[in-house]
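Here's the structure, in structure tokens; my notes come after.
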Amino acid sequence: MGVSPAWPMTYLKTYGPRADPVTGLTWGLMDLSLAVIVIVTGLVVVGVWMRRSRQPWPALASLPLGGSGGGTAWITIGVALTVLALAGALAWTVAVMAAVAAPATTALTIEVTGHQWWWEARYLGLTPDQTFSTANEIHIPVGRPVLLKLYGADVIHSFWIPALGGKTDTIPGRTNLTWLQADRPGVYRGQCTEYCGLQHAHMAAFVTADPPADFEAWRARQQQPAAPPPDTAAAGEPLVVAHCGACHTVRGTGAGGVVGPDLTHIAGRETLAAGTLPNTPNGLAGWIANPQALKPGARMPATDLSGPELGQVVAYLETLK
């Protein structure tokens with residue numbers, strides 16, 4: 001399995017060809033740097049030990065300045081070794097940059113847009129009915145490279161899934177490209193790494209790597225509109241359309257807003273508000289009732305719902321899987 005979302009993010013242990021060469025280079029340069037520190041420190045200690053004066057300090061102060069005439073060979077050897085080490089590091093770095101630049105082919109394309117403070121992921125299909133959007137939780141097939149087109153909706157954000165690849169900024173008015181590939185199933189946590197405002201720290205992303213058959217089944221479910229709710233939750237649908245539909249979309253209903261995340265399959269997500277809290281009925285109710293108490297500065301206002309209405313809305317949203 002890959003990294004659990006409960007684990008800290010890591011870039012020193014990676015799980016795909018977009019990140020693995022960089023990890024190897026990181027460890028290699030770290031080892032080289034430590035070797036240089038050890039060698040230089042050892043030579044300084046040996047030099048001090050071998051050249052220490054046996055004379056008292058007053059006599060030492062009156063000694064004439066001058067070179068001993070030795071040490072040239074050490075300088076030559078040191079310069080040669082330094083040039084070889086730097087040349088090797090440069091060649092290795094260039095090879096890694098070429099290896100992670102871009103894959104020959106990609107399995108699919110996802111448009112990822114950074115918002116204050118959440119991630120929109122739009123999966124492009126061959127036809128409009130195959131295109132859909134989700135939020136903060138991105139699914140990819142295991143073992144297949146995925147092209148990401150990155151956009152910034154408001155300010156500069158930076159998309160980073162450290163176990164799968166390096167950082168790439170999302171800049172308003174510009175399209176940046178990157179790619180990911182996971183070689184193991186699992187959930188890989190990411191984070192916005194460019195300070196983007198008050199809730200920058202609460203702007204997490206999660207990439208779920210599914211076996212190809214599971215991914216195709218997930219994508220087929222996401223392409224479907226919201227299923228009609230059971231009678232026990234039907235009262236919540238018109239409330240969602242009336243109170244949430246100006247900002248959020250629920251495909252198959254009258255809710256068609258594009259300001260906030262698409263809610264068509266919100267019950268299938270693990271977290272709310274870009275990883276701020278778990279997607280549970282209590283968490284969902286608290287978020288809808290007073291988002292500013294949980295994520296101050298978020299663009300979502302409090303909804304004017306009574307207690308019974310809030311319960312009906314939550315019951316309906318819980319059916320959207």
*Which net charge results when you count Lys and Arg as +1 and Asp and Glu as -1 among the other residues whose beta-carbon is under 15 Å from that of Pro172?*
-3
*Please give, to one decimal in nm, the separation of the simple spin-label points placed at Leu177 and Met9, each 7 Å out from Cα toward the Cβ.*
2.4
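Within 15 Å, Cβ to Cβ, of Thr249, how many net charges do the neighbouring residues add up to if Lys/Arg are +1 and Asp/Glu are -1?
On the way: positive: Arg122, Arg251, Arg269; negative: Glu120, Asp129, Glu237, Asp262.
Taking every Cβ under 15 Å from that of Thr249, the sum is -1.
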*Would you mind getting the accessible area per residue of the chain, heavy atoms of the protein chains only, 1.4 Å probe, in Å²?*
54
*How would you classify the stretch 167-321 from its alpha-carbon gyration tensor, with a ≥ b ≥ c the square roots of the eigenvalues: rounded for a/c under 1.5, else prolate if a/b is greater than b/c, otherwise oblate?*
oblate
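With the Cα gyration tensor of the chain giving a ≥ b ≥ c as the square roots of its eigenvalues, does the rule (a/c under 1.5 for rounded; else a/b larger than b/c for prolate; else oblate) give rounded, prolate or oblate?
Cα axes put the chain in the prolate bin.
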*In sequence order, what are the phi-derived ³J(HN,Hα) couplings for the stretch 81-93 according to the Karplus relation 6.51 cos²θ - 1.76 cosθ + 1.60 with θ = phi - 60°, rounded to whole Hz, with x for glycine and proline?*
5, 5, 4, 5, 5, 5, 5, x, 5, 5, 5, 5, 4
*asked:* Would the stretch 256-321 count as rounded, prolate or oblate if I go by the C-alpha gyration tensor, calling it rounded below 1.5 in a/c and otherwise prolate when a/b exceeds b/c, oblate otherwise?
replied: rounded
*Helix-derived mean residue ellipticity, 222 nm - over the chain, DSSP H n ≥ 4, -39500 (n - 2.57), to 500*: -11000 deg cm²/dmol
*What accessible surface, in Å², does a 1.4 Å probe find on Met300, ignoring ligands, DNA and RNA and rounding to the nearest 10?*
40
*Among Val40, Val48, Val142, which one shows the biggest mean-square fluctuation in a GNM of the chain, springs joining Cα atoms closer than 10 Å?*
Val48
*³J(HN,Hα) across the stretch 297-311 via Karplus (A = 6.51, B = -1.76, C = 1.60, θ = phi - 60°), whole Hz, x for Gly/Pro?*
x, 4, 6, 8, x, 5, 9, 8, 10, 6, x, x, 5, 4, x
*Show the residues, 5+ positions off or on another chain, whose built amide H is closer than 5 Å to the amide H of Thr208.*
Ile138, His139, Ile140, Tyr188
*How much of the accessible area of the chain, probe 1.4 Å, is carbon plus sulfur, in whole percent?*
65
_11 Å beta-carbon shell around Phe206, net charge (K/R +1, D/E -1)_ = 0
*asked:* Using the Karplus curve 6.51 cos²θ - 1.76 cosθ + 1.60 with θ = phi - 60°, what ³J(HN,Hα) values do you get for each residue of the stretch 182-196, in whole Hz, with x for Gly and Pro?
replied: 10, 8, 9, x, x, 10, 10, 7, x, 7, 5, 10, 10, 4, 10
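The values are calculated or read from the model by the stated rules, or taken from the named source; none is laboratory data. All of these numbers come straight from a predicted model, not from anything done at the bench. Positions of Cβ are backbone-derived with ideal geometry, glycine not excepted, and every protein chain shown enters the neighbour counts. Surface accessibility is based on the protein's heavy atoms, side chains included, excluding ligands, DNA and RNA. Shrake-Rupley method; radii C 1.70, N 1.55, O 1.52, S 1.80 Å.
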